[in-house]
Amino acid sequence: MRLRLPIAICMAMAMAMAVALTGCGKAPASKPDTPPPQPALWELASADGTVEGWLFGTIHALPDGTQWETPLVRAKLSEADILVVEIAALEDSAAISRVFSQLAQTSGQPPLSKRIPSTDRSLLDAALREANYTDGDFAHVESWAAALMLAQAMRKNETGNGVDLALLGQFGAKPVRELEGAVKQLGIFDRLAERDQRDLLSAVIKEGPGSADKSAELAQSWLAGDMQRIARENQEGLLADPELRAALLVNRNADWVRQITTMLPRSPPIMVAVGAAHMAGPEGLPILLQQRGYRVTRIQ
């Protein structure tokens, strides 16, 4: 059995399967005739107007040559004294793979073809061929993990050009705090009810044929700062399932807001940089923080 490094929940799992988690699509590199990048950035202030930090929606993978950083993002990152991310040790892919392997494997699993509706079996066959897997490769792999493995293999993209990784590298020796970490983040998938894991698996194989094109479109929306488009994607596909939406997006956002508001009273300015799907819509971090009494103003 082959266990590859998974796509942890990021913008791709939250939107491109449409599941981020994030966002792992391949955006085309910027060209001279395209508009300059304007990924969404917010200022976060207390009720009296004191600036507490910034919120930046990220994407977790981009191809070589993509221009995304703006002078304003660069300036606010330099002003921040603490960087808050989903996973701090993103560069340690071996450790993340170990966590994935530990959580993903349970012996005696039925064939993937038995874990999806019979009407989806031809799509599964196509997905397995494209990903260079066989049904037998998943005899000891839980359904959620099989879904992530297939999603990664079919997208065929690298995660080394992620905005998260770039921000961590630029932040230098200053403090970094994580909202989840690999164990907690992958554990969200692992704790899904089996029926929801199988819904995830079905969503991946249905998305497979058009995943690259849709990922590229959504990455362009990210570069343009089009949060309305991202919010619409948060309502479709897999995230239209109430249980999966709660587990993968809504509950996580609520938990992150609790953590962020606990940090703020005793922290210097922070930059919160998480997948852009978590910034979108009425359940996104900007709105949730406004509901807590903070002033949140989009500045890019």
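Read the figures in this text as sums done on the coordinates, not as results from a lab. The structure displayed is predicted, hence computed values, not measured ones. All Cβ positions, glycine included, derive from the backbone under ideal geometry; neighbour counts span all protein chains shown.
Here the label points at S113 and A139, each 7 Å from Cα along the C-beta direction, are separated by 1.5 nm in the simple model.
How charged is the neighbourhood of K76? Take every other residue with its Cβ under 15 Å from the Cβ of K76, and add Lys/Arg as +1 and Asp/Glu as -1. Around K76, the charge tally is -2. In this simple spin-label approximation, K184 and E130 carry label points 7 Å from Cα along the Cα→Cβ vector, and these lie 3.4 nm apart. Computed from label points 7 Å out along Cα-Cβ, the spacing between Q291 and T262 is 1.9 nm. Backbone phi angles across region 100-110, fed through the Karplus curve with coefficients 6.51, -1.76 and 1.60 (θ = phi - 60°), yield HN-Hα couplings of 4, 4, 5, 7, 7, 9, 9, 5, x, 6, x Hz in residue order; Gly and Pro are listed as x. With 0.36 nm allotted per residue and the present C-alpha distance subtracted, the Q102-R298 stretch has 66.5 nm of extension available. Here E79 and N251 are evaluated by their C-beta separation; at R0 = 30 Å the FRET efficiency comes out at 0.45. Fewest first, what order do S107, S78, S215, S202 take by the number of other Cβ atoms within 10 Å? Taking fewest neighbouring Cβ atoms as first place, the list is S107, S78, S202, S215.
With K and R counted +1 and D and E -1, the other residues having a Cβ less than 13 Å from that of L200 yield a net charge of -3.
For region 69-79, the Karplus equation 6.51 cos²θ - 1.76 cosθ + 1.60, evaluated at θ = phi - 60°, returns couplings of 6, 10, x, 5, 4, 4, 5, 5, 4, 5, 6 Hz by residue, with Gly and Pro reported as x. Between the alpha-carbon centres of region 174-251 and region 272-300 there is a gap of 17 Å. By DSSP, the beta bridges lying fully in region 9-298 are antiparallel in about 40 percent of cases. What does the C-alpha gyration tensor say about the overall shape of region 41-166? Classify as rounded when a/c is under 1.5, otherwise prolate if a/b is larger than b/c, or oblate. Because a/c hits 1.5 or more and a/b exceeds b/c, region 41-166 counts as prolate.
Once you order the gyration tensor axes a ≥ b ≥ c over the Cα atoms, which shape class does region 163-300 get: rounded for a/c under 1.5, otherwise prolate or oblate by comparing a/b with b/c? Here region 163-300 falls in the prolate category. Run the reach check for K76 against aspartates and glutamates, Cα to Cα strictly under 17 Å, same-chain hits fewer than 8 apart removed. What comes back? Once the sequence-local aspartates and glutamates are set aside, what remains near K76 is E43, E52, D164. Extension gain, R195 to S93, is 33.8 nm, computed as 0.36 nm per intervening residue step minus the present C-alpha separation. The slack in the chain from A47 to Q170, taken as 0.36 nm per residue of separation less the alpha-carbon distance, amounts to 41.3 nm.
Can you tell me how region 9-298 classifies by the Cα gyration tensor, rounded, prolate or oblate, using a/c under 1.5 as the rounded cut? The shape class here is prolate.
Charged neighbours of H60, selected by a Cβ distance under 10 Å, balance to -2 (K, R count +1; D, E count -1). Global dimensions of region 256-300 from alpha-carbon coordinates: Rg and Dmax equal 10.4, 28 Å.
Ranking of V163, V141, V51, V274 by neighbouring Cβ atoms within 10 Å, starting from the fewest: V51, V141, V163, V274.
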